[in-house]
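One structure is given here, and the rest of the page talks about it.
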């Protein structure tokens, strides 16, 4: 059974919008800057065909969580660039975003979600039913594991 696709603080925002730009800033601050990396224009220009989910703070209406879904084929979608503002972590924001994205994927006909998890995030995704696949590898200089979840 597919759950309703509604959460009062989670929105799917258009590529290039103000909220998309806020999401990129959060992704950059949380995921890239600690590794001495920055997004390039060519990297970001490829995101026009992806789905951008943001979690808004109820009071400030600022983006405090982000998740990107990139269709791979008609059955599989890749979850990527999941980040929560460090001051807001541990409050269930990441979990809420993943559940929302899973429901979105089901409603949109996807049967499987795959992702590349940083080693420290593997336990988070495992608790949510994701399975590891293959061996650990380095991506952007840090250990990662491929993971997946079948939605049917």
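Points worth noting:
- Scope the range 114-152; condition in contact (Cβ under 8 Å) with a residue 40 or more places away in the chain and surrounded by 13 or more Cβ atoms within 10 Å (Cβ to Cβ); matching residues: 114, 149, 151
- Test: residue in the range 33-43 that is surrounded by 10 or more Cβ atoms within 10 Å (Cβ to Cβ), under 20 Å from residue 18 (Cβ atoms) and in contact (Cβ under 8 Å) with a residue 12 or more places away in the chain: yes
- Some residue of the range 32-50 being within 15 Å of the chain's Cα centre (by Cα) and over 17 Å from residue 13 (Cβ atoms): yes
- Set 53, 15: member being assigned to a loop (DSSP other than H, G, I, E, B) and in contact with a strand residue (DSSP E or B) (Cβ under 7 Å, 6 or more places away or on another chain): 15
Per-residue answers, yes or no, for (1) under 15 Å from residue 151 (Cα atoms); (2) free of Cβ contacts under 8 Å to residues at least 12 places away in the same chain; (3) in contact with a helix residue (DSSP H, G or I) (Cβ under 7 Å, 6 or more places away or on another chain):
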residue	(1), (2), (3)
69	yes, no, yes
89	no, yes, no
96	no, no, no
102	yes, no, no
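Every number in this text was worked out from the coordinates using simple rules, so none of it is lab data. As the structure is a computational prediction, the values presented were derived from the model and not from experiment. Counting neighbours? That spans all protein chains shown, and the Cβs are built from the backbone with ideal geometry, glycine included.
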